[in-house]
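One structure is given here, and the rest of the page talks about it.
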Amino acid sequence: PGSEVFSSSQLQTGFSALSLRGSRLGSRDYPAELLLSHYLSTAFLWEEVRMKGGAYGASASCDPGDAIFVFTSYRDPDPQRSLKAFKKGLESIATEGLSEALVEKTLIGTYSRETGPRAPGDRAWAELLRLLYGITERHRLKKLEDLISIKSSDVQRAAERVLASFDASTAAVVGGPSQATSAAKGLGVPIRDLD
């Protein structure tokens with residue numbers, strides 16, 4: 001399916017999502033994408049989409065079950081700008097990489113998110129998803145082992161891989177008339193009216 005833009009006169013801000021090709025659980029590439037998504041969410045997107053762009057939130061994540069890498073923004077005054085920022089973040093890391101010190105700092109946050117305590121409901125949901133996807137404790141431990149051995153070059157290659165699928169990516173934008181018009185023009189697709 002191609003990209004889509006939805007408009008509603010009831011909305012004053014917008015929302016965007018962009019999906020790209022990612023890696024599957026068990027591949028050596030997945031832990032690097034996990035670290036890449038954590039860095040993008042907590043550093044690059046925080047600065048570029050939230051602070052400069054004015055969006056209330058932005059994130060990057062990867063889903064190894066469906067092999068996708070996803071960017072999102074919400075309560076976003078300019079979703080089209082955010083779509084461009086998503087690509088800019090990948091390009092920046094694909095060309096310049098991250099220092100080993102920054103990778104180590106990001107690794108601490110990523111590892112903590114993967115192993116930290118969870119509320120009972122969150123823990124149960126995670127266990128259900130693992131069961132449905134056939135993810136065993138052995139898979140989880142292997143992921144953590146691979147994660148702690150990630151180097152800057154692994155993260156740079158992950159950014160290159162995800163960026164290589166950018167032309168085949170799928171975007172979705174929902175916003176008010178001005179956000180929808182800008183996004184539709186940038187994506188080259190018609191606007192679908194939600195009113």
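The values are calculated or read from the model by the stated rules, or taken from the named source; none is laboratory data. What you see is a predicted model; the values in this text were computed from it and never measured. Because the Cβ atoms are built from the backbone with ideal geometry, glycine has one as well, and the counts that use them run over all protein chains shown. When the accessible area is computed, the model is the full protein with side chains, heavy atoms only, and any ligands, DNA or RNA have been set aside. Shrake-Rupley method; radii C 1.70, N 1.55, O 1.52, S 1.80 Å.
In square angstrom, what is the accessible area per residue of the stretch 67-192 with a 1.4 angstrom probe? Can you show the working numbers first?
Values: 7070 Å² over 126 residues.
Spelled out: the 1.4 Å probe surface of the stretch 67-192, per residue, equals 56 Å².
Divide by every residue of the chain the summed helix terms, -39500 (n - 2.57) for each DSSP H run of at least 4, and state the resulting mean residue ellipticity at 222 nm, rounded to the nearest 500 deg cm²/dmol. Walk me through the intermediate numbers first.
Details: 7 runs with 95 residues, N = 195.
The helix-only estimate for the chain comes to -15500 deg cm²/dmol at 222 nm.
Could you order the peptides 99-109, 5-15 from most to least packed, using the average number of other C-beta atoms within 10 Å per residue? Working shown, then result.
Numbers: 99-109: 14.6, 5-15: 18.2.
Those peptides, ordered most packed to least, come out 5-15, 99-109.
Counting only protein heavy atoms and a 1.4 Å probe, tell me what percentage of the chain's accessible area is made up of carbon and sulfur.
Here carbon and sulfur together make up 55 percent of the probe-accessible area.
Can you sort R161, R21 by 1.4 Å-probe accessible area, starting with the largest? Write out the running numbers ahead of the final one.
Values: R161 80, R21 150 Å².
If we order R161, R21 from most to least accessible, we get R21, R161.
Between R113 and R138, what length comes free when the chain is fully extended (0.36 nm per residue of separation minus the Cα-Cα distance, one decimal in nm)?
7.2 nm
Determine, for each peptide in 25-36, 165-176, the mean count of other beta carbons within 10 angstrom over its residues, then list the peptides with the highest first. All intermediate terms of the calculation are to be shown ahead of the outcome.
Details: 25-36: 21.9, 165-176: 18.0.
In descending order of packing, they fall as 25-36, 165-176.
For S8 and A67, what is the calculated FRET efficiency with R₀ set at 35 Å and r taken between the beta-carbons, to the nearest 0.05?
0.65
5 Å is the cut-off here: which amide hydrogens, built 1.01 Å from N in the peptide plane, fall below it relative to S3, excluding neighbours closer than 5 in sequence?
A171
Quick one: grab the alpha carbon gyration tensor of the stretch 13-97, order the square roots of its eigenvalues as a ≥ b ≥ c, and give me rounded if a/c is under 1.5, else prolate or oblate depending on whether a/b is larger than b/c.
Cα axes put the stretch 13-97 in the prolate bin.
Of the cross-linked pairs K52/K84; K84/K105; K88/K142; K105/K143, which ones have a Cα-Cα span greater than 24 Å in the structure shown? Don't skip to the answer; put the middle values down first.
Values: K52/K84 13 Å; K84/K105 26 Å; K88/K142 31 Å; K105/K143 18 Å.
Cα-Cα > 24 Å for K84/K105; K88/K142; rest within.
Pulled fully out, how much extra length does the chain show between K151 and V189, if you take 0.36 nm times their separation in residues and subtract their Cα-Cα distance?
Details: separation 38, 0.36 × 38 = 13.68 nm, distance 3.92 nm.
Once the chain is fully extended between K151 and V189, it gains 9.8 nm.
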